[in-house]
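The values are calculated or read from the model by the stated rules, or taken from the named source; none is laboratory data. Source: prediction; values computed, not measured. Here Cβ is always computed from backbone atoms with ideal geometry, including for glycine, and neighbour counts include all displayed protein chains. Side chains included, ligands, DNA and RNA excluded: accessible areas come from the protein's heavy atoms. Shrake-Rupley method; radii C 1.70, N 1.55, O 1.52, S 1.80 Å.
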Amino acid sequence: MGPAVAVVGVIDQSEVRLTPVRHGRRCRGECMENLADAFKNVQSLRRLFAMREESLGNLIPRENRLAGHSRARFPLPPLTRDAAREAVIKPLVGTGRSFASGVAEKLVDDLRTTEVINHVGQKRMTAESVEPMRLQVVCYALWRALPDLAEVLIEDDLHR
């Protein structure tokens, strides 16, 4: 028998599972305990918990059981304009889809721009970076709204 193959289990938005439930519903901690028990049975399983930083405190009481002895934390800082553009374009490589010229940049710039209405009127503010969660949510919605036959994404696709 050859060496064990490592398998990666990813739990995105794991803060949803770690946050206690209110109003008499069963505590989500039970789910995490069941998950920890399952992890013990698959030694080659590597675990990745993606969560918001402010929810990290909910993981700490269960960290040893869930993560095992080898663990590390990697914060995901805001993306620069170029990194956000790359995060928008690269997942399309090999799919037969692409962005028309300037459309990926428009998407990123829209995500960097906030309109604020103050007592003087409306003001546009452009940030230097893009929050990864915003980028993920917008791209997910964009991909779901595209027609099946769309090959080149145009600016009108951003408004779907």
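Tabulated results
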read-out: Residues of the range 77-108 classified as modelled with pLDDT under 95 and among the acidic types (D, E), total; value: 0
read-out: Cβ pairs under 6 Å, 6+ apart, first in the range 144-160 and without any contact (Cβ under 8 Å) to a residue 40 or more places away in the chain, second hydrophobic (A, V, I, L, M, F, W, C) and surrounded by 10 or more Cβ atoms within 10 Å (Cβ to Cβ); value: R160/A145
read-out: Selected residue (criterion: nearest to L153 (Cα to Cα)) from residues of the range 39-88 that are β-branched (V, I, T) and open to solvent by 50 Å² or more (accessible area, probe 1.4 Å); value: T80
read-out: Qualifying position, being in contact with a Lys or Arg (Cβ under 9 Å, 6 or more places away or on another chain), at negative phi and at pLDDT below 75, among R62, R17; value: R17
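Rundown of residues vs (1) open to solvent by 40 Å² or more (accessible area, probe 1.4 Å); (2) hydroxyl-bearing (S, T, Y), yes/no style:
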| site | (1), (2) |
| --- | --- |
| K106 | yes, no |
| R124 | yes, no |
| P132 | no, no |
| Y140 | yes, yes |
